[in-house]
Amino acid sequence: MASFVPTSEETLADQRLYTAGWLTSVSCQDCLAVVGVQKNSAHHTSIQWSAEALAACPEMGRRPRELHAGCPRLQASIEQAVRAGQVPIGAGDGF
Amino acid sequence: MTATDTAARMLDRGVTPERYARGWHCAGLADAFRDGKPHAIETFGAKLVVFQAANGEFGVLDGYCRHMGGDLTQGEVKGDELACPFHDWRWGTDGRCKQIPYARRVPLRARTQRYETVVRNGQLLFWHDPEGSPADHDLLPPELPGVGTDEYTEWFWETVPIKGSHCRELIDNVVDMAHFYYVHFAFPTSFRNVFEGTRATQFMESKGRPDKAADAGGYGDADMVLTSEATYYGPAYMINWLEVDYKGFVTEVVLINCHLPTGPDSFTLQYGITVKKPEGLDDKTAQYIAKKYAEMFGTGFLQDVHIWQNKAPVQNPLLCEEDGPVYQLRRWYEQFYVDVADIAPDMVARFEFEVDTTKANEFWHEEVAENLRRRDAASEADAPLEGAGH
């Protein structure tokens, strides 16, 4: 059932762009989790998990788990990927 | 109407949904319904009746009797049932007609729309699902340890009807870092979001703007540092844990921010404040502090309301790199408006977002410093601002 219905095709394109357009796949170096990462700047990080990645991550499998706590090993893997130049910083095409 | 790099961007106002969100909604403080009388609440484009039966159970039913449409909110609680003012049909908290005093028997089909209830943290919550599923108790907001005991003040509870805005405007605040500076007069120094499943959280640290303290109310007090964790449990109920550091005096505040959608472009905002009584303070002083914080956050909501009531709905917000994840938040929010079978994996997938507040705060601190310089130059005769403005 339709919810908030955009009136233009371009809005759907925007939705795809803003949610997925700048994601780069990063594999965790400690488990099989693969997440989408976006870096708009050195201090900004966006991490898109999937159900598969969440299931693969031992840190996320811990119970009870605080919602806000991220995975430090994934964090380190992302920082490593950024240092290695695998994740572009800034959207490049002007966001 | 083709968009090129140079074409003017169109504002897509979209179409608001025809249905209301699935999830737990808050009717208000449970105590408000304990007077043995029926109460009307407007929500979901309808009128509901809330009452407490003699056995203590709460009933939330559609407001109109299924017999001939009498207004149950004008009825009377008789024992464990609510009696219709028109023909005295008696409805139970389970939505079934229990007796019709003038009839030999009650029709087997005599059942009305009923919403399952739970009292949580002193508030009456009820489950709404357009698909009619049984209440999902796993999705309830958590119990707040100590709240409702002598450790905390009583709830300060306010209700504000909002016309001309869909309630998603309120939800958008979860990711809106920059509005805390412009609308609430605070520097958000740290800002992070996590969405997962039916929960969406905002973590923020902020301090007030010294150039606005006198007229701001709300968050705009330079001596105030807030550490805030705010989580939506479903579409309509947020718990905001706040640590308020005022000149070194730290207070733990719990702010409930919840709403009832009333129509396609209206909702009823409700917020409640309780404060952990600081050690060494008597109850009266603690109540006074809680009242002050209720006023402060009340002012904050009114600052938002003014924006909402004058803005256009936008389906295609244009973002910059310093903005929060508006599209991802709305994707999360969408899950409550589609059938359970249609919930897409990415609506509920975990998503983390750390906003870089560095650039924004550099600019903002310069702007505030400039505002202060200008103000001092313009009115040297004026007394300096009082720190404790509210």
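Report the net charge of residues surrounding B:Val147, where surrounding means a beta-carbon distance below 12 angstrom and charges are Lys +1, Arg +1, Asp -1, Glu -1.
-2
Using Cα atoms only, what is the angle between the long axis of helix A:72-83 and the major principal axis of chain A, expressed in degrees (0 to 90) to the nearest 10?
Here the helix axis deviates by roughly 70 degrees.
Just checking the output field for B:355-361: average partner chain Cβ neighbours within 10 Å of each residue's Cβ?
Neighbouring Cβ atoms belonging to other protein chains average 3 per residue here.
Kindly express, to the nearest 10 degrees and within the range 0 to 90, the angle between helix A:9-20's C-alpha long axis and the longest C-alpha principal axis of chain A.
So the inclination is approximately 10 degrees.
Counting other Cβ atoms within 10 Å, which GluC sites (Glu not before Pro) in region A:9-95 have at most 11 and lie in a DSSP loop?
Here the GluC sites (Glu not before Pro) that fit, given the DSSP loop and packing criteria, are A:Glu66.
Once the Cα gyration tensor of region B:156-375 is found, what semi-axes does its equivalent ellipsoid get, as square roots of 5 times the eigenvalues, in whole Å, sorted largest first?
Each semi-axis is √(5λ); the values are 28, 22, 17 Å.
For chain B, can you list the cysteines whose C-beta has no other cysteine C-beta under 4.7 Å from it?
For chain B, the answer is B:Cys97, B:Cys167, B:Cys320, because their Cβ atoms have no other cysteine Cβ under 4.7 Å.
I need the calculated FRET efficiency for the pair A:Leu67 and B:Arg34, taking r as the beta carbon distance and R₀ as 35 Å, to the nearest 0.05.
With a Förster radius of 35 Å, E is 0.55.
So, with a 1.4 angstrom probe, what is the percent of accessible area on region B:38-135 that is carbon and sulfur?
43 percent
Would you please give the FRET efficiency between B:Met10 and B:His306, computed as 1/(1 + (r/R0)^6) with r the Cβ-Cβ distance and R0 = 30 Å, to the nearest 0.05?
In this case the efficiency is close to 0.70.
What's the lysine pair count for region B:156-375 at a Cα cut-off below 25 Å, pairs eight or more apart or interchain?
Lysine pair count for region B:156-375: 23.
If the viscosity is 1.567 mPa s and the temperature 4 °C, what Stokes-Einstein diffusion coefficient in µm²/s follows for region A:23-83 when Rh is the Kirkwood radius over Cα pairs?
Stokes-Einstein gives a translational diffusion coefficient of 110 µm²/s.
Keeping every protein chain present and rolling a 1.4 Å probe, give me the accessible area per residue for chain B in Å².
46 Å²
Find out how many positive minus negative residues lie around B:Asp88, taking Lys and Arg as positive, Asp and Glu as negative, among other residues whose Cβ is under 11 Å from that of B:Asp88.
Net charge in that neighbourhood comes out at 0.
Run the simple label-point estimate for B:Leu319 and A:Ser50 please: 7 Å along Cα→C-beta, distance reported in nm.
That separation, rounded to one decimal, is 2.0 nm.
Within region B:173-198, find all residues whose amide N lies under 19 Å from a label point positioned 7 Å from the Cα of A:Gln75 along Cα-to-beta-carbon.
B:189-196
Just add up the charged neighbours of B:Leu48: K/R +1, D/E -1, any other residue whose Cβ is under 12 Å from the Cβ of B:Leu48.
-1
Work out from phi, with θ = phi - 60° and the Karplus expression 6.51 cos²θ - 1.76 cosθ + 1.60, the ³J(HN,Hα) of each residue of region B:20-30, listed in order in whole Hz, and give x for Gly and Pro.
10, 5, 7, x, 7, 10, 10, 7, x, 5, 4
Hey, got a sec? Which GluC sites (Glu not before Pro) in region B:96-175 land in a DSSP loop and have at most 11 other Cβ atoms within 10 Å?
B:Glu131, B:Glu143
Nearest 10 degrees, 0 to 90: what angle lies between the long axis of helix B:283-310 and the longest principal axis of chain B (Cα atoms)?
That helix lies at roughly 90 degrees to the long axis.
Chains A and B: how much accessible area gets covered up at their contact, both sides added, probe 1.4 Å, in Å² to the nearest hundred?
Summing both sides, the interface buries roughly 3400 Å².
Mind checking the alpha-carbon convex hull of the protein assembly as shown and giving the volume per residue in Å³?
Measuring per residue, one finds 186 Å³ for the Cα hull of the protein assembly as shown.
Residues of region A:1-41 losing 40 Å² or more of accessible area relative to the isolated chain, 1.4 Å probe, heavy atoms only?
Buried by the other chains: A:Met1, A:Ser3, A:Phe4, A:Val5, A:Thr7, A:Glu10, A:Thr11, A:Asp14, A:Tyr18, A:Thr19, A:Asn40.
Using Cα centres only, tell me the gap between region B:152-174 and region B:67-91 in whole Å.
31 Å
Using alpha-carbon pairs under 8 Å, 6+ residues apart, how would you state the relative contact order of chain A in percent?
Reported relative contact order: 27 percent.
At a 1.4 Å probe radius, carbon and sulfur cover how many percent of the accessible area of chain A?
In chain A, the share of accessible area belonging to carbon and sulfur is 53 percent.
The values are calculated or read from the model by the stated rules, or taken from the named source; none is laboratory data. Just so we're clear, the structure is a prediction, and the values are computed from it rather than from any experiment. Every residue, glycine among them, receives a Cβ derived from its backbone with ideal geometry; neighbour counts consider all protein chains shown. Accessible surface areas use protein heavy atoms only, side chains included; no ligands, DNA or RNA. Shrake-Rupley method; radii C 1.70, N 1.55, O 1.52, S 1.80 Å.
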